[in-house]
Structure formats: structure tokens, C-alpha cells
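A short write-up of the structure that comes next.
Computed from the coordinates by the stated procedures, all read-outs in this text should not be read as laboratory data. The shown structure was predicted, so the numbers you read here are calculated from the model rather than taken from an experiment. Neighbour counts are summed over all protein chains in view; Cβ atoms, including those assigned to glycine, are modelled from backbone coordinates with ideal geometry.
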Amino acid sequence: MFKFFQKYSTFLIFLLLESVAFALIANQSVFQKSLFAKSVIEVTASFYNTTNNITQYFWLKNDNKKLSAENAELQRKVKVLEKFIAQKNYENTLDGDSVLIIIPVKIVYKTVDKINNYMIINKGRKDGIRKDMSVVSANSVVGVVQTVSDNYAVVISVLSQKLKISGKLQKADYLCSIFWNGQSPRKCNIENIPDHVAAAVGDTIVTSGYSSIFPENVVVGTIKKITLNPSTAWNNIEIEYATDFMTVSFVNVVANARHNELNSLQQSLE
Amino acid sequence: MKENLQYALYFMLLIAVQVLVLNQICLFGFGCIFLYTLFILIYPLSKNNQIQFLFISFLLGFIIDLFSNSYGTHTFACTLIAYLRPHITKLYNGADNFEPLKKSYQKFGGLFIRYAVTMILIHHFTLFMMEAFSLKLLPIVLLKTLVSSILTMIFIFFIQSLFIKKNAR
């Protein structure tokens, strides 16, 4: 027996190490909740934060351009809303659900070339970031907060197999689920829009707001290509993301103030 | 002892380069460069330190994983090629050969290239497959493996040729 172990010791240790690695891959959700994961994030994020503080100067011009465009768009909206409020009694237009928390954050590290992409943002528990909050750039989807440490948080990008967004065709209010195909950081797909719903190239897809994560009407992207699958009469639709994941750096963490309430209600139903 | 210290230095240097520079680079949205695998290729392996080598490779993968939010994927791929290394050298070298392949780029030339390409392909394929964790994504995994392997190989041979020129003088 002992000889057996001696002879195959290398192989046995190899098996042991591989099963440890495999357990790490298979039990990601357990790992994410662990205290260890939080301290790892704290260390790696502060490390990436330092490098980002240096490299961000190279992108300043681009970032400024984007921010000023966003600013202009917001000012336009304010003008429209001011007119709107002047005409109507604003109390009637206030939607009871639209109590949003908005926290501006900076992405200190991101990947776009992996099969499951992620980002690290420069705010964490101390700034009020919690798990499952949504991350939005200007008004388009970016990702969902996954693990939070004291000063940083890891965000799963929508460029991930782990994230399915519940969306809808804006003009028809038709629900669909959106998933990333793992290929280009610019494109994603929807499958469950039937042929009789008149979707056209250029139509906007927004979030449905049915899951408690993303608020309603956040832009996902615009339809780029529609191909009919003749065997099922469902359309295969390709969307181009509204967010440019290659350059995105300043984003907002957005959460419904009643996020916890919604969540516990949903959990009690399940 | 001096050699141990030298390899400890390589270990840390390769991790630093990988995490600081190469993890931030992605070409065509497909190409990743995993230069740190060079450590597993050049580590002086002998019959007595195989188990030690497995643990070191495991640790290498684990540290890269921590910095890449990738859980056990790098760990798994690294441990696999560390275990397979003597079998692959045997395949190309004929004999049960544990000879350190540190300077073999100049010694063996084509042999080292074949050995390195095999190791890198296995590593990258395992890595992307574990990351995808489903057979549905196999075409993408294969494409990523191919593009990334070519990029990693270019980097490894570039570094190797620099290193060897310096040594020869």
C-alpha cells in the first residue's frame, strides 16, 4: 500500500491540486462570499487603482469629450422637463417607484476579452455600494455589482455568460431576454422575439425593470441585424451595445432605494 | 542556492509583468498574452523535484487568478501543464528526459519550439475551456486559444532570444 503511494505520489498530488483548482472554479459563489475574497479585492483593487491613477491621464481628452456630451444631453433633458413641469401639476407625474440612489464611480480596471468579463470600481461598502446594484454609463447598461469590499467593488460586466438581462423592445413593449454571445465586446443577441412583432433595424432595446437589478428604461443598445430562423419563426436579433466597453471609465452605480424590500419580497415568493 | 534565488526572481518578475502590463492588453478582443507560462517552460525540472514543481506551478496559477478575478482557471491550467511537462519532453526527446530546458532554445532549436507550442496550446485551451465551462462555446474557445497562443509564443520567443544573446556574450 505504502509502495503504491510512493510510486504514484506525483500523480496523486497532481490529482489533489487539480481538484482544489476545480473546486475553486465550480464554487465561485461560495468563494465570492468569503472574507478572503473581500481582502483579495481590497489588495488587487488598490493596486489597480494606483496604476489607473497614472494611466488615466492618457485618456483625459477622450473622457472629457464624453462627459461634456453627456452633460449637454442632460441639460437638454432638464430644459424639456422644466417645460413639462411648468405645464402640469408635477405631483401626478412622479412615479412612486423612481426613488433612485445614484453613486458616481470610476472604473479602475476592466477586461473585455474574457468569456466572463468584469470590472473593479473605486467605491465600496463605505460609500453605500451593495451586492446586486446596477452599473450604468450615462444611460446605458454596464454591469451588476458582484462582490463588495470596504473601498472597492467587483462588477460583472454585461459582457459575461453569467448575466442575463431582462429587456424589452422600446416601441412595442415586448419582453425579451438579452445575452452576450462571448465574441465581440460590441454585440449581443436576443432570441425570443417572434416574427409577428415588427422589430426593425435601428430600434432601441431597453431594460424591462422586471428584475430588481436594473431600473426600467436603461438603454441596452440598438438592433443591428435581424435574421429569421425559418424552422422556429423566431427572429435572431443582433444588437449593438450603446455602451462602448473599450473606453468606458466614468459610470454610475444606480439602485432602487427600495431594492432590499423588492429583493426580500421576491425571495419570499421563491 | 544561487539558481533557486534566480528562479524566485523570475517568478516574481513574470507575475509582475503579467499583472501590471499584459493583463491590461487585449488584441482584437481575442488575444490575451500569458507570458507567465514561460516560468513553467524553463524551470529546471529533475526527477526529485517534480512534486515541488507541481506546487510551485499551482501557486503561480493561483496568484495570477487572484489578480484576474478568474477563480481556479489559471491554477487548473498551470498544474496540468506542469504535470504533463515530463511526458511532453519525453514525446519529443525520445528518452525519459528531465533535462532543464532553460537554454534549450539554442541547444535544441526546433525541438524547444515544438515543446513550447504543445505546452502553450494545452495551457490556453484548458484555461479558456474552464473559463467558458460549457461545450456550447467551443468554437469561441478554439479561436481564442489559437489567437492567444500565437501571441504568447511570439512574446516567449522574443524574450528567449533576448535572454540567450545576453548569455552567449
*To the nearest 10 degrees, how steep is helix A:259-269 against the longest Cα principal axis of chain A, on a 0 to 90 scale?*
70 degrees
*When the helices in chain B are scored as -39500 (n - 2.57) per DSSP H run of 4 or longer and the sum is shared across all residues, what 222 nm value do you end up with, to the nearest 500 deg cm²/dmol?*
-24500 deg cm²/dmol
*Where does helix B:73-93 land angle-wise versus the long Cα axis of chain B, in degrees 0 to 90, nearest 10?*
40 degrees
*Find the relative contact order for segment B:2-168 and round it to a whole percent, using C-alpha pairs within less than 8 Å whose residues are 6+ positions apart.*
25 percent
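Using a/c under 1.5 as the rounded threshold, could you call chain B rounded, prolate or oblate? The axes a ≥ b ≥ c are square roots of the C-alpha gyration tensor eigenvalues, and prolate needs a/b larger than b/c, oblate otherwise.
Rounded, since a/c falls under 1.5.
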*Looking at this model, which pairs from A:Lys66/A:Lys123; A:Lys110/A:Lys162; A:Lys3/B:Lys47; A:Lys61/A:Lys114; A:Lys114/A:Lys224; A:Lys38/A:Lys126 are more than 19 angstrom apart at the alpha-carbon?*
A:Lys66/A:Lys123; A:Lys61/A:Lys114; A:Lys114/A:Lys224
_Tilt relative to chain A, helix A:9-26 - C-alpha long axis, 0 to 90 degrees, to 10_ = 20 degrees
*How many partner chain Cβ atoms sit within 10 Å of a residue's Cβ in peptide A:16-29, on average, as a whole number?*
6
*Evaluate peptide B:73-82: per residue, the Cβ atoms of other protein chains within 10 Å of its Cβ; return the mean as an integer.*
4
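Can you give the calculated 222 nm mean residue ellipticity of chain A, where each DSSP H run of n ≥ 4 adds -39,500 (n - 2.57) and the sum is split over every residue, rounded to the nearest 500 deg cm²/dmol?
Calculated at 222 nm, the ellipticity per residue is -11000 deg cm²/dmol.
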_With every atom except the alpha carbons ignored, what do you get for Rg and Dmax of the protein assembly as shown, in angstroms?_
25.3, 90
*Which whole number gives the average count of other chain Cβ atoms within 10 Å of the Cβ atoms across peptide A:112-121?*
5
